[in-house]
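Below: the structure, in structure tokens.
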Amino acid sequence: MYCYNKFMVIKNKSAIKRIKVAQRNQIQNKIYKSTIKTLTKKVLLSIKDENTNDTIRLKLAELYSKIDKAVKRKILSKNTASRKKSWIAKKCA
């Protein structure tokens, strides 16, 4: 038996496994989204501080890579990723 919350006790093995997998994936997805937010803030700070173009370009490449990997792993949708990339590119220009 697996106690999902105070009121629900689950006895089915496959249901227990699905809940555990969903919880594990939720944590991984949250880490990925948090990383993307952090990298976005770093890019914006480097633009604000007027760092060299090379520094900004490196951080931007890292951010784009993370966004693309999130799309590949189905953490973000294509449209959301495109919107984020477009928004940050507009800020860089």
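Brief remarks on what is shown
Residue by residue, here is whether (1) open to solvent by less than 100 Å² (accessible area, probe 1.4 Å); (2) touching a Ser or Thr at 6+ places or on another chain (Cβ under 8 Å) holds:
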{"site": "LYS13", "(1), (2)": "no, no"}
{"site": "ARG24", "(1), (2)": "no, no"}
{"site": "THR35", "(1), (2)": "yes, no"}
{"site": "GLU50", "(1), (2)": "no, no"}
{"site": "ARG57", "(1), (2)": "no, no"}
{"site": "ALA61", "(1), (2)": "yes, no"}
{"site": "SER65", "(1), (2)": "yes, no"}
{"site": "ASN79", "(1), (2)": "no, no"}
{"site": "LYS84", "(1), (2)": "yes, yes"}
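- Residue count for the stretch 53-93, restricted to those that are within 22 Å of ALA22 (Cα to Cα) and not in a helix (DSSP H, G or I): 5
The values are calculated or read from the model by the stated rules, or taken from the named source; none is laboratory data. These numbers were taken from a predicted model, which means no experiment stands behind them. A quick note on method: Cβ atoms are made from the backbone with ideal geometry, for glycine too, and the neighbour counts reach across all protein chains shown. Just so you know, the surface numbers come from the protein's heavy atoms only, side chains and all, with ligands and any DNA or RNA stripped out. Shrake-Rupley method; radii C 1.70, N 1.55, O 1.52, S 1.80 Å.
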